[in-house]
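Chemist: There's a structure below that I have some questions on.
The values are calculated or read from the model by the stated rules, or taken from the named source; none is laboratory data. These numbers were taken from a predicted model, which means no experiment stands behind them. So basically every Cβ, Gly included, is an ideal-geometry build from the backbone, and we count neighbours across all protein chains shown. Just so you know, the surface numbers come from the protein's heavy atoms only, side chains and all, with ligands and any DNA or RNA stripped out. Shrake-Rupley method; radii C 1.70, N 1.55, O 1.52, S 1.80 Å.
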Amino acid sequence: VMRLAPTATKETEPWMLDMARYAVESEKYRSKRTKARETTLRNLRALIPKDEIERYQAVRERNIKIQQELVKMVWRGVLDYLIFGQDDAQVEGPHVRETLRLKGAVAGLGIGSRVYFAEGIDQHSNILVSRALTERSGWSPRVRIVFADDDARRRVAAYESESIEASLRDQLLVSGATPVGPNDGFDYSLYVNTPDSSTLRMRVFLDSLKTEVDQGFPVAVADINLGKNGTGDPALFNVVTENGRAVRLLAYAGWNTAGNTMGTAIPAANVYLLARKEQVNPLVREVALRKFVLHRLVNDFEYHTFVRPEAYAMVKELPNASKAESDGAAYEKLNEYVSTDMKKRLIEQFGHQLMGTKFYVGAKQYEITGLRDVQAYLPWPRAYEVRLEFDVETREVTDLPRIVILPLGDG
């Protein structure tokens, strides 16, 4: 479902946020017409190119027609399964009315079990892979939820249109997982770090997380205590990365929005446990798990906490550069800085978290020995996100201590 603000480019940057506000205010005016709202709309229209408002409205209407056709394709059996994502939303705006129209069509056709709605969009490729694999296997992982602050689950996270609890339930269901109660059997625990938790509740949450991971229980972590700029919680990051805990996690994510984060951690945990259940090549499986967690630690937390702010500071000093879009020499300088710093951070975290760690594959023990094929670069002409690629080297440990069992003698 179309987001409120247009895509950020040099051309849209001067009026992009005004357009998002105009869309929200238009919806408010649609429900209740007042002089104050009329004045607000008039003032906003003066800030936005007239043809852009018309194009924006036309695109929204075009999109809803296409989405209605997709719903009909599910009903006709052309599509097996359909997810509608909602990116960069608010509790009010045209997307709310559009989503209600789609949900009405789904209910009218009786296909509610095959069409779902979930916050976010970037993570839905992960969600769909998890759904396809769990559905094929006939297995639905049972997930126990642990919130940092139980009261916070009723809040609406930034850039979303429904409560954290509802958003989380959607991410679980569309991934093929089943949320369970605190006293039910479960396959793994999902620790959700909610925004603005009290100091006491956060301490209890972190202590519980440490205990479960240290005792070897299956745990995934979703850090949705994200600031407006989408950076994770340092206190949680420190707990996850101390004492070798990171390599014992099923998943970690903490980036951009609550939906993006939960919809990244959940399918990763689902697919890993399914791979164990179906006895997928264990060496490939165990290495992939460790690579995934390391990738998220560096990409989600370190990039957005340390590297992106520095890149944004550079943008202010470089000619022909902006947060929305930089090209030419400006892009090259940003890309060079990001590449150098991210490679350094990856190597450091690899040394702290993975280098020299050992794990068993059946009766054989393996050791992680190095990194190779490391690449880090800006995938788009902006510094908002980074592309990070690498591989991990392992070796079989053949010098294990031999244990000899001798028969008891008479003495």
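Chemist: Please work out the average accessible area per residue across the chain, using the 1.4 Å probe convention, and give it in Å².
Modeler: Per-residue value: 50 Å².
Chemist: Using each residue's phi in region 136-146, evaluate 6.51 cos²θ - 1.76 cosθ + 1.60 at θ = phi - 60° and report the 3J(HN,Hα) Karplus result to the nearest Hz, with x for Gly and Pro.
Modeler: Result, ordered by residue: 5, 7, x, 10, 10, x, 8, 10, 8, 9, 10 Hz.
Chemist: Using a 1.4 angstrom probe on the protein heavy atoms only, could you order Val1, Val293 from most to least accessible area?
Modeler: Val1, Val293
Chemist: Can you list residues whose amide H is under 5 Å from Val397's amide H, if they're 5+ apart or on another chain and H is modeled 1.01 Å from N?
Modeler: Residues meeting the amide H criterion: Gln365, Tyr366, Glu367.
Chemist: Students sometimes get this wrong: rank Val392, Val59 by accessible area, probe 1.4 Å, all chains present, largest first.
Modeler: Descending accessible area places them as Val59, Val392.
Chemist: While we're here: Quote the accessible area belonging to Trp380 in square angstrom, nearest 10, computed with a 1.4 Å probe and with ligands, DNA and RNA left uncounted.
Modeler: Surface accessible to solvent at Trp380 totals approximately 150 Å².
Chemist: Would you mind calculating the gained length between Asp391 and Leu200 on full extension (0.36 nm times residue separation, minus the Cα-Cα distance), in nm to one decimal?
Modeler: Here the segment from Asp391 to Leu200 would lengthen by 64.8 nm.
Chemist: Trypsin sites (Lys or Arg not before Pro) within region 28-95: which are DSSP loop residues with at most 11 other Cβ atoms inside 10 Å?
Modeler: Loop-located and lightly packed - Lys32, Arg33.
Chemist: Label points 7 Å out from Cα along the Cβ direction at Tyr337 and Ala313: separation in nm?
Modeler: Modelled inter-label distance: 0.8 nm.
Chemist: Against the globular-protein guess of 2.2 N^0.38 Å, express the Cα radius of gyration of region 23-182 as a ratio, rounded to two decimals.
Modeler: Relative to the 2.2 N^0.38 Å estimate, region 23-182 comes out at 1.23.
Chemist: Using a 1.4 Å probe and counting only protein heavy atoms, arrange Arg21, Arg136, Arg248 so the residue with the most accessible area comes first.
Modeler: I get Arg136, Arg21, Arg248, largest accessible area first.
Chemist: Separation between the Phe217 and Arg155 pseudo-spin-labels, each 7 Å from Cα along Cα→Cβ, expressed in nm?
Modeler: For the pair Phe217/Arg155, the computed spacing is 2.4 nm.
Chemist: Give me the mean projected area, in nm² to one decimal, of the convex hull enclosing the Cα positions of the chain.
Modeler: The number I arrive at for the chain is 26.9 nm².
Chemist: Separate question: Which trypsin sites (Lys or Arg not before Pro) from region 320-360 combine a DSSP loop assignment with at most 15 other Cβ atoms within 10 Å?
Modeler: Lys323
Chemist: Obtain the nm distance between the two label points defined at Arg37 and Leu17 by a simple spin-label model: each point lies 7 Å from its Cα along the Cα-to-C-beta direction.
Modeler: With each label point 7 Å from Cα toward Cβ, the separation is 2.4 nm.
Chemist: Restricting to DSSP H runs of at least four residues, report the calculated mean residue ellipticity at 222 nm for the chain, -39500 (n - 2.57) per run over all residues, nearest 500 deg cm²/dmol.
Modeler: Roughly -15500 deg cm²/dmol at 222 nm, from the helical runs in the chain.
Chemist: Could you tell me the accessible area of Ile121 in Å² (1.4 Å probe, neighbours in place), rounded to the nearest ten?
Modeler: 80 Å²
Chemist: Right, something else. With +1 on each Lys and Arg Cβ and -1 on each Asp and Glu Cβ, and nothing else charged, work out how big the dipole of the chain is about its Cα centre, in Debye to the nearest 20.
Modeler: Charge dipole of the chain: 1220 debye, to the nearest 20.
Chemist: Compute the separation of the alpha-carbon centres of region 10-68 and region 184-245 and state it in Å as a whole number.
Modeler: Using only Cα atoms to place each centre, the spacing works out to 39 Å.
Chemist: Something else about it: Taking the full set of protein chains and a 1.4 angstrom probe, give the accessible area of Tyr159 in square angstrom, rounded to the nearest 10.
Modeler: Probe radius 1.4 Å; accessible area of Tyr159 about 90 Å².
Chemist: If contacts are Cα pairs under 8 angstrom and at least 6 residues apart, what is the relative contact order of the chain in percent?
Modeler: Averaging sequence separation for qualifying contacts and normalising by length gives 12 percent for the chain.
Chemist: At 0.36 nm per residue, and after removing the present C-alpha to C-alpha distance, how many nm does the segment from Gln375 to His295 gain when stretched out fully?
Modeler: So the chain would gain 27.6 nm between Gln375 and His295.
Chemist: If you keep only loop residues by DSSP, which trypsin sites (Lys or Arg not before Pro) in region 141-234 have at most 11 other Cβ atoms within 10 Å of their Cβ?
Modeler: Of the trypsin sites (Lys or Arg not before Pro), the ones in loops of region 141-234 whose Cβ has at most 11 other Cβ atoms within 10 Å are Lys228.
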